[in-house]
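The values are calculated or read from the model by the stated rules, or taken from the named source; none is laboratory data. All of these numbers come straight from a predicted model, not from anything done at the bench. Note: ideal-geometry Cβ built from the backbone for every residue, glycine included; neighbour counts use all protein chains shown. Only protein heavy atoms, including side chains, enter the accessible area calculation; ligands, DNA and RNA are left aside. Shrake-Rupley method; radii C 1.70, N 1.55, O 1.52, S 1.80 Å.
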Amino acid sequence: MPDTNSDFDHALSICRKIFADKLIDYGTSWRIMRTQAVTDQLFIKAKRIRTIQNTGKSAVGEGILPEFIAIINYGIIGLIQLELGCADHKDMNATEALNFYDRYAKETKELLIEKNCDYDEAWRSMRTISYVDFILTKIERIKEIEDNNGKTKVSEGIDSNYKDIINYAIFGVIKLTE
């Protein structure tokens, strides 16, 4: 019987390893990104998945799985940037970055577990194309909120949308690694 808790942990361990390895290569250079740039990076990754799904081709030889992983990692970067704001330079070491990563991963997992109880594992019956379409929809919502200076009347904020994006991408990683 599938276990979403352990499936999430396994998928996230793949993503965290890549995040940690990139910290070795690039440090925390992403700290200079404004949240709008993070949102655009998420858009690029999701559009690339959709193009690969639609055409069956990848011009650079990478598949869908690395893009879902990137969406998860950029989603967590977005949450960090929302909290701290952007910096003019790398102002955080790898240990601090991983501590933020772990904190936001934990919060996102808690949200997934709560919603999954309400939706009764419905994500397992969905197709990965739906995850991508939902991610793109959430990105469009975030852009609207960003264009409105972060203000909403009745909707969730940017952080909630980032967490939903991360969770849809986690579902994609789980499905593609099963």
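Details
- Being closer than 16 Å to residue 162 by Cβ, free of Cβ contacts under 8 Å to residues at least 40 places away in the same chain and not aliphatic (A, V, I, L, M) is not true of residue 3.
- The set of residues in segment 146-163 being closer than 21 Å to residue 34 by Cβ and of a type in the set (D, E, K, R) consists of 146, 147, 151, 156, 159, 163.
- In the set (1) among the acidic types (Asp, Glu); (2) at pLDDT 95 or above; (3) out of contact with any Lys or Arg (no Cβ under 6 Å at 6 or more places or on another chain); (4) open to solvent by less than 80 Å² (accessible area, probe 1.4 Å), residue 121 fails one condition alone, (2).
- Looking only at residues of segment 161-178 that are crowded, with 18+ Cβ neighbours inside 10 Å and of a type in the set (A, V, I, L, M), we find that the one that is farthest from residue 42 (Cα to Cα) is 174.
- Every pair of residues 6+ apart whose Cβ atoms lie under 7 Å, when the first sits in segment 137-160 and is open to solvent by 90 Å² or more (accessible area, probe 1.4 Å) while the second is not hydrophobic (A, V, I, L, M, F, W, C): 141/161
- Annotation note: of 39, 4, the sole residue that is at pLDDT 95 or above and in contact with an Asp or Glu (Cβ under 8 Å, 6 or more places away or on another chain) is 39.
- Checked against (1) without any contact (Cβ under 8 Å) to a residue 60 or more places away in the chain; (2) closer than 23 Å to residue 24 by Cα; (3) within 15 Å of the chain's Cα centre (by Cα); (4) open to solvent by less than 20 Å² (accessible area, probe 1.4 Å), residue 87 passes all but condition (3).
- Looking across 39, 51, 35, one residue alone is more than 23 Å from residue 17 (Cβ to Cβ) and free of Cβ contacts under 8 Å to residues at least 60 places away in the same chain. It is 51.
- In the condition set (1) among the β-branched types (Val, Ile, Thr); (2) more than 23 Å from residue 144 (Cα to Cα); (3) open to solvent by 10 Å² or more (accessible area, probe 1.4 Å); (4) at pLDDT 95 or above, residue 28 is compliant with all but (3).
- In the set (1) loosely packed, with under 14 Cβ neighbours inside 10 Å; (2) modelled with pLDDT of 95 or more; (3) among the acidic types (Asp, Glu), the condition left unmet by residue 67 is number (1).
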